[in-house]
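The values are calculated or read from the model by the stated rules, or taken from the named source; none is laboratory data. From a predicted model like this one, the values you see are computed outputs, not experimental measurements. For neighbour counting, all protein chains shown are included, and Cβ atoms are generated from backbone atoms with ideal geometry for every residue, glycine included. Ligands, DNA and RNA are stripped out before the accessible areas are found, and what is left, the full protein with its side chains, is counted by its heavy atoms. Shrake-Rupley method; radii C 1.70, N 1.55, O 1.52, S 1.80 Å.
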Amino acid sequence: MGILYEFWEFMKAKKKLWLLPIIVILLLIGTLIIFAQTSALAPFIYTLF
């Protein structure tokens, strides 16, 4: 958790809060890809795209 706190402090200090939505979206897409490859629900997830 120290890395997350340090990254948050960096974003506040350097006025880079616009990075937060980009990082959240990338994490969500990454978890969706991992879930889609390892799940029995993969064919249903692929139909969304």
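For Leu28, state whether it is outside any helix (DSSP H, G or I) and either surrounded by 10 or more Cβ atoms within 10 Å (Cβ to Cβ) or at pLDDT below 75 (or both). No: the conditions fail for Leu28.
For the range 14-25, a residue qualifies if it is surrounded by 10 or more Cβ atoms within 10 Å (Cβ to Cβ) and more than 15 Å from Leu4 (Cα to Cα), and exactly one does: Ile25. Annotation: of all residues in the range 31-49 being open to solvent by 100 Å² or more (accessible area, probe 1.4 Å) and not in a helix (DSSP H, G or I), the one that is modelled with the lowest pLDDT is Phe49. Of everything in the range 3-25 that's assigned to a loop (DSSP other than H, G, I, E, B) and charged (D, E, K, R), which residue is nearest to Leu48 (Cα to Cα)? Once the filter is applied, the top-ranked residue is Lys16.
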